[in-house]
1. Which one is modelled with the highest pLDDT, of the residues in the range 31-48 that are in a loop (DSSP other than H, G, I, E, B) and open to solvent by 80 Å² or more (accessible area, probe 1.4 Å)?
2. Counting just the residues of the range 142-176 that are under 21 Å from THR85 (Cβ atoms) and assigned to a loop (DSSP other than H, G, I, E, B), which one comes out nearest to the chain's Cα centre (by Cα)?
3. Does the range 51-64 hold any residues that are of a type in the set (Asp, Glu) and either open to solvent by 70 Å² or more (accessible area, probe 1.4 Å) or in contact with a Gly (Cβ under 8 Å, 6 or more places away or on another chain) (or both), and which are they?
4. In this structure, does LEU153 turn out to be modelled with pLDDT of 85 or more, closer than 24 Å to VAL90 by Cα and buried (at least 20 other Cβ atoms within 10 Å of the Cβ)?
5. Take the residues of the range 157-201 that are modelled with pLDDT under 85 and of a type in the set (Ser, Thr, Tyr): which is farthest from LEU95 (Cα to Cα)?
6. Restricting to the range 49-67, name every residue that is more than 21 Å from SER14 (Cβ to Cβ) and in a helix (DSSP H, G or I).
Amino acid sequence: ERAAFISNGAVSFSNYFWNGIFKGDDIKTSFQSSKTALAASSSGQIPMMDTNGDGISNSTDLTQMTGVSIGNGTRVNSDAPTIGTVNTSVTGNTLTVTTTFANPGDIGSVWVVVRPPDLLDNSTTNPVQGFPNFNLLPEREGSREFSGIYDALSASGNYELAVYASDKLGNVSLPQLKTVSVSGTKPRKAILVAGGALSDA
């Protein structure tokens, strides 16, 4: 399956997994958190683990990793941010997203990954490196609310949104998921222009 390296790698199995390990989580916890986070933005990548060598990934493999750490397993108090409520509104082809945080002073950045309804990409050889995304900024200094606008809703259908936040240490939150429905937009079309001599068939 295709590996996801979205938002410059912030949304990737490796980033979530190693952040968990560095915080002192065991392998089971780090793996499960990474799998949950990826499911929001990359349905084409399904992480699997085989720890007993039978070639099958199931709950037995995860259970064997309970309490097993890479390194010394020392717990570090640096949990990723927790996203509060997420509100969305759509006007024409413009989407507005607003979210809140209990401790805005710890937030380094907030962004939204957009999966359009007309996304066509059947390649299985290249990594997923980008979906449309946009940043959410604080309403004012010290505000608990962050908001942003995306004005490229160019196709009718359901847009899947995943809201992420990172703290100033680079820990990335699990996503908050939203779906918005858009109707009445005109489909995208391409105009191809070719030039040649008048005698050219």
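The values are calculated or read from the model by the stated rules, or taken from the named source; none is laboratory data. Predicted model only: the values in this text are computed from it and were never measured. Here the Cβ is made from the backbone with ideal geometry for all residues, glycine too, and neighbour counts use every protein chain on show. For the accessible areas, the whole protein counts, side chains as well, though only heavy atoms, and no ligand, DNA or RNA atoms are used. Shrake-Rupley method; radii C 1.70, N 1.55, O 1.52, S 1.80 Å.
1. Per the stated criteria, the residue is MET48.
2. Here the residue is PRO175.
3. The one that is of a type in the set (Asp, Glu) and either open to solvent by 70 Å² or more (accessible area, probe 1.4 Å) or in contact with a Gly (Cβ under 8 Å, 6 or more places away or on another chain) (or both): ASP54.
4. Against the criterion (modelled with pLDDT of 85 or more, closer than 24 Å to VAL90 by Cα and buried (at least 20 other Cβ atoms within 10 Å of the Cβ)), LEU153 qualifies.
5. Looking at residues that are modelled with pLDDT under 85 and of a type in the set (Ser, Thr, Tyr), I get SER199.
6. Result: SER59, THR60, THR63, GLN64.
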